[in-house]
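J.: Have a look at this one before I ask anything.
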Amino acid sequence: MVLLKIQPPPSEGVLLLKYIKMISKQTIFDHLQHVIDPELGISIVRLGLVYDVSLSPIQEKDGSSKIKVHILMTLTTPGCPLAAVFDGMVRDALFGIDGVNPDHDVTIELTFDPPWVPDMMDEEAKAELGF
């Protein structure tokens, strides 16, 4: 557990201290390792499709705390027919992380800037695909 200082609205005039379980970027990446590209059979992380993960602690009106997760990722091609499938696969992979509701607390942003190229894969993925 990590102690976070969460600033209340100015009208309350006190500093609230809440304990919430901190989730690291690595926790998210570890869960995303289980998302396998259906066409290539390799993890989207190993393929280099996940560009960034950012985490933001949020204090709810009821005093509870949670983490908002933003995932910036791409696809191998802009016209990938599986684009809609990846959203569900990514959210499914994040179920079970304490403090994160994938349906409400996760934003998945697709970008094609920079465009994906095979050099973004890790060495093992390159070897598996013959690069």
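J.: By per-residue mean of other Cβ atoms within 10 Å, what is the highest-first order of 95-101, 70-76, 125-131, 25-31?
T.: For the peptides 95-101, 70-76, 125-131, 25-31, the packing ranking is 70-76, 25-31, 95-101, 125-131.
J.: Something else about it: So if each residue of separation counts as 0.36 nm, and I subtract the Cα-Cα distance between Ile58 and His34, what length gain in nm does that give? Provide the component values of the computation, followed by the final result.
T.: Numbers: separation 24, 0.36 × 24 = 8.64 nm, distance 2.65 nm.
Separation in residues times 0.36 nm, less the Cα-Cα distance, equals 6.0 nm.
J.: If you don't mind, another one. I'd like the Karplus ³J(HN,Hα) series for region 114-131: coefficients 6.51, -1.76, 1.60, θ = phi - 60°, whole numbers in Hz, and an x wherever there's a Gly or Pro.
T.: Taking θ as phi minus 60°, the curve returns x, x, 5, 9, x, 5, 7, 6, 6, 4, 5, 5, 4, 5, 4, 9, x, 9 Hz for region 114-131.
J.: GluC sites (Glu not before Pro), restricted to region 26-112: which are DSSP loop and have at most 12 other Cβ atoms within 10 Å?
T.: Filter output for region 26-112: Glu39, Glu60.
J.: For a Förster distance of 22 Å, can you work out the FRET efficiency between the beta-carbons of Tyr51 and Phe95, rounded to the nearest 0.05?
T.: Details: r = 22 Å, r/R0 = 1.01.
Step by step, r from the Cβ atoms, then E = 0.50.
J.: How high is the FRET efficiency between Phe112 and Leu82 when r is their beta carbon distance and R₀ equals 22 Å, given to the nearest 0.05? If you can, show how the numbers build up before the last one.
T.: Details: r = 15 Å, r/R0 = 0.67.
Rounded to the nearest 0.05, the efficiency is 0.90.
Each value in this text was obtained by applying a stated rule to the coordinates, not by laboratory testing. Since this is a predicted model, take the numbers as computed values, not measurements. Ideal geometry is used to build each Cβ from the backbone, glycine not excepted, and the neighbour counts take in all protein chains shown.
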